1. Would you confirm whether or not the range 2-18 contains a residue that is within 7 Å of the ligand (Cβ to nearest atom), open to solvent by less than 30 Å² (accessible area, probe 1.4 Å), within 22 Å of residue 286 (Cβ to Cβ) and out of contact with any helix residue (DSSP H, G or I) (no Cβ under 6 Å at 6 or more places or on another chain)?
2. I'm trying to understand the selection: among the residues of the range 39-65, which are under 14 Å from residue 23 (Cα atoms) and surrounded by fewer than 22 Cβ atoms within 10 Å (Cβ to Cβ)?
3. State which residue pairs qualify: first residue small (Gly, Ala, Ser) and inside the range 131-160, second residue in a helix (DSSP H, G or I) and open to solvent by 20 Å² or more (accessible area, probe 1.4 Å) in any location, beta carbons under 7 Å apart, and separation of 6 or more residues or different chains.
4. Which of the numbered conditions does residue 104 fail, given that it passes all the others? Conditions: (1) more than 14 Å from the ligand (Cβ to nearest atom); (2) assigned to a helix (DSSP H, G or I).
5. Taking the condition of being outside any loop (DSSP other than H, G, I, E, B) and either out of contact with any Pro (no Cβ under 9 Å at 6 or more places or on another chain) or without any contact (Cβ under 8 Å) to a residue 40 or more places away in the chain (or both), how many residues in the range 15-58 meet it?
6. Go through 196, 109, 168 for me and flag whichever is out of contact with any strand residue (DSSP E or B) (no Cβ under 7 Å at 6 or more places or on another chain), surrounded by 12 or more Cβ atoms within 10 Å (Cβ to Cβ) and part of a helix (DSSP H, G or I).
7. Quick one: how many residues across the range 19-38 are of a type in the set (A, V, I, L, M) and open to solvent by 50 Å² or more (accessible area, probe 1.4 Å)?
8. Take residue 93 and tell me if it is assigned to a helix (DSSP H, G or I) and either modelled with pLDDT of 95 or more or more than 26 Å from residue 216 (Cβ to Cβ) (or both).
Amino acid sequence: MNSFHDPVLLDESITGLDIKPNGVYVDVTFGGGGHSKQILNMLLNGKLIAFDQDPEAIRNTIKADSRFTMIHDNFRHIKKALVKCNIISIDGLIADLGVSSYQFSDNNRGFSLKYDAPLDMRMNDKVTKDGVFILNNYNQSELNRIFKNHADFHSPNVISSAILQARRVNKINTVQDLKDVFSNVSTTQNIKFLARIFQAIRIEVNEELDALKEMLSQALELLSPSGRLVVISYHSLEDRLVKNFMKFGNFSGLHEKDFFGNLLTPFEIITKKPVTPSIREISQNNKSRSAKLRICAKK
Ligand SMILES: C[S@@+](CC[C@H](N)C(=O)[O-])C[C@H]1O[C@@H](n2cnc3c(N)ncnc32)[C@H](O)[C@@H]1O
């Protein structure tokens, strides 16, 4: 057990990278370094470059290994950051998306429903817009957009109206303030409902879906032929983007054709269906229960 974060689908995802001992690999979500350490175990003279935007994750960096480079940045800047390291092509990339256990259990950052804290929710403290800003400054249509697009709510107006009404009386600053806005939702539905609200705000704060799209598009350019793309996602919005990108090379889910009418499919799909954790893994690490792993190889 790793107190920072237990790596999810570790063997399945690292096998999916099909590691060449002298290849160049990127772990764009270092976290506690579980996946990175396993990659290093399989490298000889290869290289591993890891990213994380959270300074707390950077503290876990792997020291005294000349094959390893840690980059404190958002993975949406992957291409620029790799060029700075003189890397223009890679043999594999792994992304284990979302939030680490450490971030969830930090009772000061507002990621979890469990702890009353300011609604910060930033993975990177350099980002200026936090959850408090969004909840108190976004207008109704902006709030509707995030609850619809980031949490699949079909009637986002009901939620945004409750927020607007509450903030006219008092600013919404903390986890408890936000819970209080929805205290009328029945207790059986309350936790799942609030979790979706929290997810929508967190995704907006960290621009998670835009960052994912930007990173995947650049990964396609960076991967060498037969290079592997391995992605673990934890909710349907991310998984849909990953699935479409691997299948069609775009996010719309529509086939693109070249000038001659041939289908443009940049990847060979390795996992026809997403790989999910075994019952054993879920019983040992309940946080893994929603994980979906998808793997493809660049053609
Ligand atoms: C689920 S954890 C990864 C855990 C890791 N695989 C391990 O075994 O410990 C996700 C990590 O990715 C980081 N992260 C999420 N989105 C990011 C982004 N856009 N750019 C850089 N890091 C990001 C988070 O800060 C967090 O540390």
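1. no
2. Listed by number, the residues that qualify are 40, 41, 42, 43, 44, 45, 46, 47.
3. 151/196; 151/199; 160/140; 160/144
4. (1)
5. Selection size over the range 15-58: 25.
6. One residue alone meets the criteria, 196.
7. The qualifying residues number 0.
8. No.
The values are calculated or read from the model by the stated rules, or taken from the named source; none is laboratory data. Source: prediction; values computed, not measured. Cβ sites come from the backbone with ideal geometry, for glycine too, and all protein chains shown count toward neighbours. Ligands, DNA and RNA are excluded from the accessible area calculation, which covers all protein heavy atoms including side chains. Shrake-Rupley method; radii C 1.70, N 1.55, O 1.52, S 1.80 Å.
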